[in-house]
Each structure stands twice: as structure tokens, then as C-alpha cells.
Amino acid sequence: AVRQTSRLPFGRLTAAVRHATCTPHSAMGARTYRDLEAWQLADDLRREVIAFTAKPPASRDLRFCSGIRDAAGSVCRNLAEGFGRRRPREFAQYARIALGSLAEVQDQLLDARHRHYLSNADFTRLLALSERVRQTTKGLHAYLDAFVRQETPNRRESSQNGKRRGIV
């Protein structure tokens, strides 16, 4: 069962956020990583993966179970660790890593369907949930990336200004 959450704004930056002297965490309204919709959906996916791998026939394939559980957990762990770093650039990097782990989960879901560990209906439901995780995590990454770009002056422009002033 997917939790009903209020959407945290991380798609567009408002003028107030752009000019505020705050972290992206406070701008998103997230006090902990558990407040992030991306993490909440990833946690739902992790729980669903644990549930389906706890039952036969998947439960008999220990390597498969270990791999998909670790990948699903990695999505949550990377979002949590990135949030904990308290730096937008690092958080964005961890969000990218989470997207990579999520791609691994999606591939393993395909593998589970091919091995007949999942019915077509369960596969479709889990793949749809993983797509929601991907979309929210991509949105979070885009938000963080935009925040970093606004806080970091264009390096080429900075070096050109330095040359004009005789600094470089």
C-alpha cells in the first residue's frame, strides 16, 4: 500500500527560494529524509520487494533475493545519505546514485517476471511504483541541480571576468 503524502515542492524554484539564504532542505519543507516523497515511495517499493521475495518461488533463490533487496534498499539509503550531507551538490550526486540503484531494481523486476517469481499483475504494479519513484527522484534531482546552478556562478563567466580585471 502506497502512503498518501502531500507533495513537496521541488519542481520549480520561486523567487523567494532563489533569494533566500536557506538550504534546499528547508525550501522543500523537509525536516528529515523521511519527509521526502521520493524517499517515502522508495521505502514503499523496498517493502513491496521484501514482501514478494519472502514468498516462494522467489524466496528459494537467495542470490536473487539478496540482489533485489539490496538494490531497493540502496535507493532509500542513498536518498537518506544525500539528505544528511546537507549540501545541495552532494545531495544531487546521491540522488543520481539512487536513480542508478532504481534502474537495477527495475531490471531485476523484469528478471523476476521472466523467472515466474511475479505474476504479470504484480510485475505491472511494482514497475508502476518504481516509475513513480523514478519520476519523483528525477524531480528532486532537478530541483537540487537548479539550486546548485543558482548558487554557483558560471565558471567560464567567472574566469572571463577575472581575465578582464587582470586577476588571471
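The values are calculated or read from the model by the stated rules, or taken from the named source; none is laboratory data. Because the structure is predicted, anything quoted here is derived from the model rather than measured. For neighbour counting, all protein chains shown are included, and Cβ atoms are generated from backbone atoms with ideal geometry for every residue, glycine included. To get the accessible areas, we keep the full protein, side chains included, count just its heavy atoms, and leave off ligands, DNA and RNA. Shrake-Rupley method; radii C 1.70, N 1.55, O 1.52, S 1.80 Å.
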In segment 120-168, the residues that are modelled with pLDDT under 90 and touching an Asp or Glu at 6+ places or on another chain (Cβ under 8 Å): none
LEU144 versus (1) surrounded by 21 or more Cβ atoms within 10 Å (Cβ to Cβ); (2) over 22 Å from ARG31 (Cα atoms): which is the lone unmet condition? (2)
Of (1) within 22 Å of ALA54 (Cα to Cα); (2) within 9 Å of the chain's Cα centre (by Cα); (3) of a type in the set (Gly, Ala, Ser), ALA95 fails just (1)
Pair list, Cβ < 7 Å and 6+ apart or interchain, from segment 120-142 residues that are touching a residue at least 40 places away in the same chain (Cβ under 8 Å) to residues that are of a type in the set (Lys, Arg): HIS141/ARG96
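Do we have GLU90 as closer than 30 Å to GLU151 by Cα and either at pLDDT below 95 or acidic (Asp, Glu) (or both) here? If you could, list the steps in order and put the result at the bottom.
On the way: closer than 30 Å to GLU151 by Cα: yes; either at pLDDT below 95 or acidic (Asp, Glu) (or both): yes.
Judged against the criteria, GLU90 is a match.
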Matching residues in segment 66-87 - criterion: being within 16 Å of ILE50 (Cβ to Cβ) and either open to solvent by less than 60 Å² (accessible area, probe 1.4 Å) or modelled with pLDDT under 95 (or both): GLY67, ILE68, ALA71, ALA72, GLY73, SER74, VAL75, CYS76
Inspect segment 77-100 for any residue being polar (S, T, N, Q) and under 18 Å from LEU126 (Cβ atoms) and give the result as yes or no. no
Breaking point among (1) open to solvent by 10 Å² or more (accessible area, probe 1.4 Å); (2) over 20 Å from HIS116 (Cα atoms), for SER59: (2)
Looking only at segment 89-132, how many residues end up being open to solvent by less than 60 Å² (accessible area, probe 1.4 Å), not small (Gly, Ala, Ser) and not in a helix (DSSP H, G or I)? 2
Could you pull out the residue among ALA80, ALA71 that is within 11 Å of the chain's Cα centre (by Cα) and part of a helix (DSSP H, G or I)? ALA80
